[in-house]
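The values are calculated or read from the model by the stated rules, or taken from the named source; none is laboratory data. Here the structure is a predicted model, which is why all the values come from computation and not from measurement. Here the Cβ is made from the backbone with ideal geometry for all residues, glycine too, and neighbour counts use every protein chain on show. Side chains included, ligands, DNA and RNA excluded: accessible areas come from the protein's heavy atoms. Shrake-Rupley method; radii C 1.70, N 1.55, O 1.52, S 1.80 Å.
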Amino acid sequence: MAGPRAAAEQFRAACRELDQPAPVAPWQLLVESMGVRIYRLYDEQSGLYEYKIFGGLADCPPKLCADVYMDLDFRKQWDQYVKELYEKTYDGEKIIYWEVKYPFPLSNRDYVYIRECQEMDFDGRKIWVVLAQSVSVPQCPEKPGIIRVKSYKQSLAIESDGKTGSKVYMYYFDNPGGMIPSWLVNWAAKSGVPAFLKDMQKACRNYSKRT
């Protein structure tokens, strides 16, 4: 990640987002569906969008959500877009490799990234925060036929909704490279994200049965 102080500030910044009623301009509300609000911000440098997602997971306590999100082996069972996913240690640092299935005729994308999960005490509230960002390591060279996503950043904050579920905030940016048709970008943002949260909700229920 960044240096320890910068990283600590990133964790706190993710916590603060849970209190924002809505991002202000230039962030735009893209879609609101199934209790999920998705905002986007155009990034002129890359010509791509950054996303902020606010939602909830009913009947899924925050620790369970964080455990499910961090469990890579379990994710292979419930996330239909995972082609390959594993964690390895290189030079003392845990690195995650993730290949994502893209619809034909597009090439799959892959990611090499680091992530960290912290259970925060934020003004007396318990919030789980996950930060992830892409890295480049010589042990994970690019593969033929797969496009490497070199710019990926995500943060996730989860806290209790005061009942039996969780409030969730997510920030997301990646540069998928190559030509991605606009219909796929729109589908991923408007339908893919709410569907992912729904799948995760189901995964949480199955996870608690499993353990």
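A few notes on this one:
- Within the range 26-36, restricting attention to residues that are closer than 25 Å to residue 120 by Cβ and open to solvent by less than 60 Å² (accessible area, probe 1.4 Å), the residue that is modelled with the lowest pLDDT is 36.
- Residue in the range 86-107 that is among the hydrophobic types (A, V, I, L, M, F, W, C) and outside any strand (DSSP E or B) present: yes
- Any hit, the range 21-35, residues being under 16 Å from the mean Cα position of the chain (by Cα) and closer than 24 Å to residue 160 by Cα: no
- Residue count for the range 38-66, restricted to those that are more than 17 Å from residue 154 (Cα to Cα), out of contact with any helix residue (DSSP H, G or I) (no Cβ under 6 Å at 6 or more places or on another chain) and at pLDDT 95 or above: 3
- The set of residues in the range 37-68 that are among the charged types (D, E, K, R) and open to solvent by 50 Å² or more (accessible area, probe 1.4 Å) comprises 37, 44, 59, 63, 67.
Okay, residues lined up against (1) of a type in the set (S, T, N, Q); (2) exposed (fewer than 13 other Cβ atoms within 10 Å of the Cβ):
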position: 138; (1), (2): no, yes
position: 147; (1), (2): no, no
position: 154; (1), (2): yes, no
position: 160; (1), (2): yes, no
position: 165; (1), (2): no, no
position: 175; (1), (2): yes, no
position: 182; (1), (2): yes, yes
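- Failed criterion for residue 82 (all others in (1) over 14 Å from the mean Cα position of the chain (by Cα); (2) open to solvent by less than 70 Å² (accessible area, probe 1.4 Å) hold): (1)
- Residue in the range 15-37 that is farthest from residue 157 (Cα to Cα), counting only those that are assigned to a loop (DSSP other than H, G, I, E, B) and not aliphatic (A, V, I, L, M): 26
- Here residue 133 passes the criteria (1) surrounded by fewer than 19 Cβ atoms within 10 Å (Cβ to Cβ); (2) of a type outside the set (D, E, K, R); (3) in contact with a Phe, Trp or Tyr (Cβ under 9 Å, 6 or more places away or on another chain); (4) not in a strand (DSSP E or B) except the one numbered (4).
- Residue 101 being closer than 16 Å to residue 192 by Cβ and either open to solvent by 30 Å² or more (accessible area, probe 1.4 Å) or in contact with a strand residue (DSSP E or B) (Cβ under 9 Å, 6 or more places away or on another chain) (or both): yes
- Residue count, the range 134-159 (criterion: within 18 Å of residue 53 (Cβ to Cβ), touching a Ser or Thr at 6+ places or on another chain (Cβ under 9 Å) and not aliphatic (A, V, I, L, M)): 3
- Residues that are closer than 26 Å to residue 167 by Cβ, of a type in the set (A, V, I, L, M, F, W, C) and in contact (Cβ under 8 Å) with a residue 60 or more places away in the chain within the range 45-87 comprise 53, 54, 57, 58, 60, 64, 65, 66, 68, 70, 74, 78, listed in sequence order.
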